[in-house]
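Since the structure comes first, as structure tokens, the remarks are kept for the end.
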Amino acid sequence: MFNVAIDGPSGAGKSSICTEAAKRLGFVHVDTGALYRSIAYSTIKNGTNIDDEISLRNLLNMTKIEILFENDTQSVILNGENINDKIRSEEVSLKASDVSKIPMVREFLLDLQRQLARNGNTLMDGRDIGTVVLPDADVKIFLTASPEKRAERRYLQLLAKGEKIEYNSVLDKIIKRDYQDSHREIAPLKPSEDSVIVDTSELDFEESVKKVIEIIEEKL
């Protein structure tokens, strides 16, 4: 069993880069951000006030999350429903940042994440994998890029989906998300001391994938 922890800010390309790297290495890719997005989506769908501890706990008690892997793709099943195509909106993204600050939610998802890592060779990405979830991971990488480059990539993704949005709006949300994630009291976003920092600002997708694989293979 070989575990790789990859952390980084929103829009750094973690999900797509890690999916491809895991595919080439024959690893399972676990996108933990999707887990927090699933909780965020559920709170929006059910109108749950996340500042109300009792309401949130009741929601979590009724929540069952499963992760399925088919054709190198991770699917998040929330209470029997595949919600992959419902958790990538900007609304869910910002709510996920708020939800991820809540200790109750982090505890709820921690065991699930660690269990997934015990199932075999795993490449897990998120924001606190190397520092909290898998502190003993064999390889730790902190994947980042400038806010402007991350906003540009996200902007083009949203345009491709047919969403009408302004670049400056995307940039503002990236900056806000960075601040929220790095200043939260519980498991703030930061590279662990033993992480390899990979800045993809000047790298294209293929170069980024190769760089990540190169670092992992050095340990393998």
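Only the coordinates and a few stated rules stand behind these numbers; no lab work does. What you are looking at is a predicted structure, and each value in this text was computed from that prediction instead of being measured. FYI the Cβ positions are ideal-geometry reconstructions off the backbone, even for glycines, and counts take in every protein chain you see.
Which ³J(HN,Hα) values, rounded to whole Hz and listed in residue order, are derived for the stretch 147-160 from phi using the Karplus coefficients 6.51, -1.76 and 1.60 in 6.51 cos²θ - 1.76 cosθ + 1.60 with θ = phi - 60°, glycine and proline given as x?
Values, residue by residue: x, 5, 5, 5, 5, 4, 5, 5, 4, 5, 4, 5, 4, 5 Hz.
For the pairs LYS95/LYS211; LYS176/LYS219; LYS45/LYS211; LYS14/LYS161; LYS86/LYS219, note any where the Cα-Cα span goes beyond 29 Å.
As for pairs spanning more than 29 Å Cα to Cα, those are LYS95/LYS211; LYS176/LYS219; LYS45/LYS211; LYS86/LYS219.
Can you tell me what share of the DSSP beta bridges in the stretch 3-219 is antiparallel? A percent to the nearest 5 is fine.
In the stretch 3-219, DSSP labels about 30 percent of beta bridges as antiparallel.
So what is the diffusion coefficient of the stretch 21-113 in µm² per second by Stokes-Einstein at 10 °C and 1.306 mPa s, using a Kirkwood Rh over Cα pairs?
116
With the cut-off at 26 Å, report for the stretch 3-219 the share of all Cα pairs above it, as a whole percent.
32
Dividing the Cα convex hull volume of the stretch 124-219 by residue count, how many Å³ per residue is that?
Cα convex hull per residue, to the nearest whole number: 112 Å³.
Scan around ILE141 for amide H atoms under 5 Å from its own, H built in the peptide plane at 1.01 Å from N, and keep only partners 5 or more places away or cross-chain.
ALA5, ILE6, ASP7, VAL196
Report the Cα centroid-to-centroid distance between the stretch 145-176 and the stretch 90-121 in angstrom, as an integer.
Distance between centres, Cα-based: 24 Å.
GNM on the chain, C-alpha springs below 10 Å: top fluctuator among ILE54, ILE39, ILE102?
The residue with the greatest mean-square fluctuation here is ILE54.
Of the residues PRO188, PRO147, PRO103, which exhibits the maximal mean-square fluctuation in a Gaussian network model of the chain defined by a 10 Å Cα contact cut-off?
PRO103
For the stretch 179-188, in order, what is each residue's ³J(HN,Hα) by Karplus, 6.51 cos²θ - 1.76 cosθ + 1.60 with θ = phi - 60°, in whole Hz (x at glycine and Pro)?
For the stretch 179-188, the Karplus-derived couplings read 5, 4, 5, 8, 10, 5, 6, 9, 6, x Hz, x marking Gly and Pro.
If exposed means no more than 16 neighbouring beta carbons inside 10 Å and the site is in a DSSP loop, what's the longest run of the chain without any exposed GluC sites (Glu not before Pro)?
Counting at most 16 other Cβ atoms within 10 Å as exposed, the longest clean stretch of the chain is 1-162.
Which longest run of the chain has no exposed loop site in it, a site being trypsin sites (Lys or Arg not before Pro) in a DSSP loop with at most 14 other beta carbons within 10 Å, and the site itself not part of the run?
1-63
Taking θ as phi - 60°, what are the ³J(HN,Hα) couplings along the stretch 43-49 by the Karplus curve (6.51, -1.76, 1.60), each to the nearest whole Hz, with x for Gly and Pro?
Karplus values, whole Hz, x for Gly and Pro: 5, 5, 4, 9, x, 7, 7.
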